[in-house]
Amino acid sequence: MSKIAISCDEPSLDAQVDPRFGRAAGFLIVDPDTMTFTYQENGQAQAMARGAGIQAAETIIRAGARAVLTGYVGPKAFQALSAGGVQIVQDLANLTVRQAVERYKAGDIALAQEPNSQAHGGGGRPGAGMGGGGRGGGGGRWR
Amino acid sequence: MKIAVASGKGGTGKTTVAASLIHVWPDPVAAMDLDVEAPNLHLFLHPEEIGRCRAFMEIPEPDESRCTFCRKCSDICQFAAVKVLGEVLMVFPEMCHGCGGCLAVCPEGALRPGKRELGEIIWGTAGAAPFIMGRSRIGEAMSPPLMRQVKAHLSRIAPPQIDLIIDAPPGVSCPAVNAVMDADVIVLVTEPTPFGAFDLGLAFKAFAPLGKPMGVVVNRAGIGEDAVYRLCERQKIAVLAEIPYDRAIAEAYAEGRVVADAVPAVRGIVEALARQLQAMDRPAPKEVLHG
Ligand code: SF4
Ligand code: SF4
């Protein structure tokens, strides 16, 4: 079996799965056959205002992972992971890394077909809609 | 002179003030709506359209057949907009800031200039005033590139010596700073509520580094409390005008009318505001001693 990346915040098989993908503290890169692992920090992605998911995807692809086990994957990260041929398992929570890997090995998980988290781009419009009248929705075409 | 009308948050009456100022401005003036995510100045000024064009930004287009996956492009990109993912060269068009760095460093010609539509630029005249606005394409995440093009286009429709009133985007993030940074004076429109004071404080902090004179207009004055006034006093920023809360104002707004035109009391207030703004740009003449 090829290597798997699991989002978590410490280099241990007993760490909890971090539900965040792009903003995860790091990834345990596990060889499921031997259960040996390395830990890959995700600091570069965490520091980005946008594009953290894409950055994290690149990180785990470069680490050789062909599957990722995590909580929430946004659309751009999903696109990047799919392009890199990485299988995506999302919606994982309240599991240790070891439990998640065992479930993956047992085939007791569903591969994601689409992202389960929306993009959170450059931040919303401050205070939009507070009595602004006519705001939003591209409303009010000029004649 | 150039005046940017801004506010720490939306819905304070920023556009009402901008439209009214344009309406009463004593000298030749142009109007520019840089709130490209939700432009609405035109809904009050009702300009005659003269032209419009779509605006684009240059972004890389991948040609994978030439790519050697050397990663020079992704190493230079600060925005994760171009990546080598396994054996795939991928561009994320909406992440790209159009800096051109990747195009410059690619040794293989595997990235070619392509484009992303930012939105449109529309121009015309509102009475005697040249008018220009931008409107972002729905789904476009970045405002400043379009705003820069709107500003550049202004020089084609308005003579440089006339005054300019800018309707800036609300808030204190990058687009708002981009809209006010060329102004001579920044007018901050707020409300006398705790939220108003909080957002005004953020705006002072965000715009102070620009080193421009700022003044405050309190809209719906009399509805709330005095935190806004205390804040202005502490920061030594003048309250230039107070527009009272008045049903007639809300009605004029709802009908898409310029409030200073529809409500005579407001007209006087905005005319006085215009005079104060002009004085802020032209410092009082030094006393000349005759003797
Ligand atoms: S043009 Fe600049 S921002 Fe866009 S992908 Fe290339 S390096 Fe990144
Ligand atoms: S710099 Fe050019 S050749 Fe190198 S990875 Fe990027 S696109 Fe491919």
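All of the numbers you see were taken from the coordinates with simple rules; none came from a lab. Since the structure is predicted, the reported quantities are computational estimates derived from the model, not experimental observations. So basically every Cβ, Gly included, is an ideal-geometry build from the backbone, and we count neighbours across all protein chains shown.
Just a few scattered comments:
- Most to least packed among B:193-202, B:51-60, B:9-18 [average Cβ atoms within 10 Å]: B:9-18, B:193-202, B:51-60
- Charge dipole (Cα centre; +1 on Lys/Arg Cβ, -1 on Asp/Glu Cβ; no other charges) of chain B amounts to roughly 500 debye.
- Entries in A:LYS105/B:LYS72; B:LYS2/B:LYS115; B:LYS14/B:LYS205; B:LYS2/B:LYS205 that, when Cα-Cα distance is taken, lie over 25 Å: A:LYS105/B:LYS72; B:LYS2/B:LYS115
- Between B:LEU202 and B:GLN276, the simple label model (points 7 Å from Cα in the Cβ direction) yields a spacing of 2.5 nm.
- Estimated from the Cβ-Cβ distance and a Förster radius of 22 angstrom, the FRET efficiency linking B:CYS99 and B:SER65 is about 0.35.
- 0 to 90° range, to nearest 10: angle between helix B:264-281 axis and chain B longest Cα axis: 70 degrees
- Close amide H partners of B:ALA238, meaning residues 5 or more places away or on another chain with modelled amide H under 5 Å apart, are B:VAL216.
- For chain B, the relative contact order works out to 27 percent when only alpha carbon pairs closer than 8 Å and six or more residues apart are counted.
- Computed over the range B:108-149: relative contact order in percent, which uses C-alpha pairs under 8 Å that are six or more apart: 35 percent
- Modelled FRET efficiency - R0 25 Å, B:ILE50 with B:ASP27, Cβ distances, 0.05 increments: 0.70
- Residues with amide H under 5 Å from that of B:LYS115, placed H, sequence gap 5 or more: B:ILE59
- Förster radius 25 Å - calculated FRET efficiency between B:ILE76 and A:ASP9, Cβ distance, rounded to 0.05: 0.25
- For A:VAL68, the residues 5 or more places off, or on other chains, whose built amide H falls under 5 Å of its own are A:ALA5, A:GLN87, A:ILE88, A:VAL89.
- Residue exposure sequence - B:LYS151, B:LYS205 - by fewest surrounding Cβ within 10 Å: B:LYS205, B:LYS151
- Residues in the range A:1-18 reached by a label modelled at A:THR96 [backbone nitrogen below 12 Å; 7 Å Cα→Cβ]: A:12-17
- Shape call, the protein assembly as shown: gyration tensor on alpha carbons, a/c limit 1.5: prolate
- Each Cα pair under 8 Å and six or more residues apart adds its sequence gap; the mean of these over the residue count of the range B:57-117 is a relative contact order of 50 percent.
- The angle between the Cα long axis of helix B:144-157 and the main principal axis of chain B comes to about 60°, on a 0 to 90 degree scale.
- By the helix-only formula, in which each DSSP H run with n ≥ 4 contributes -39500 (n - 2.57) and the sum is divided by residues, chain B has a 222 nm mean residue ellipticity of -9500 deg cm²/dmol.
- The simple spin-label model puts a point 7 Å past each Cα toward its Cβ; for B:VAL239 and A:GLU114 those points are separated by 5.2 nm.
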